[in-house]
Amino acid sequence: MGGQHDSGWGGMGTAWSITGTLAAGILVWGGVGVVLDRWLDLRWLFLPIGMVIGVSASIYMVYLKYGKDT
């Protein structure tokens, strides 16, 4: 009945996965916001909107993968 979570470092992979998912969401959707800002010749309008969408979507993805009871 030994598993990955038996050692003190067992949850480290999960923690890094969650951190990576959150960072990727912010970076990807923030990047989409920057592209839209440059394409539409606006200044800092879509960057924060994209970052908020990214963090919201990332939190939801983390919830679906790790927080939801099976």
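Brief remarks on what is shown
- Rounded to 10°, Cα long-axis angle of helix 46-62 versus longest principal axis of the chain: 20
- Using alpha carbons only, the radius of gyration of the chain set against its Kirkwood radius gives Rg/Rh = 1.22.
- Solvent exposure of the chain, expressed per residue, is 80 Å² of accessible area, with all protein chains present and a 1.4 angstrom probe.
- Free of any chymotrypsin sites (Phe, Trp or Tyr not before Pro) that DSSP assigns to a loop and that have at most 14 other C-beta atoms within 10 Å, the longest stretch within the chain is 10-43.
- In this label model, Ile59 and Trp44 are separated by 2.3 nm, measuring between points 7 Å along each Cα→Cβ vector.
- Between 0 and 90 degrees, the angle of helix 12-39 with respect to the longest Cα principal axis of the chain falls at about 10 degrees.
- Computed in the context of the full set of protein chains, the accessible area of the chain at 1.4 Å probe radius has 69% of its extent on carbon or sulfur.
The values are calculated or read from the model by the stated rules, or taken from the named source; none is laboratory data. Please read all numbers here as calculations on a predicted model, not as lab measurements. As a convention, Cβ positions derive from the backbone with ideal geometry for all residues, glycine included, and neighbour counts pool all protein chains shown. For the accessible areas, the whole protein counts, side chains as well, though only heavy atoms, and no ligand, DNA or RNA atoms are used. Shrake-Rupley method; radii C 1.70, N 1.55, O 1.52, S 1.80 Å.
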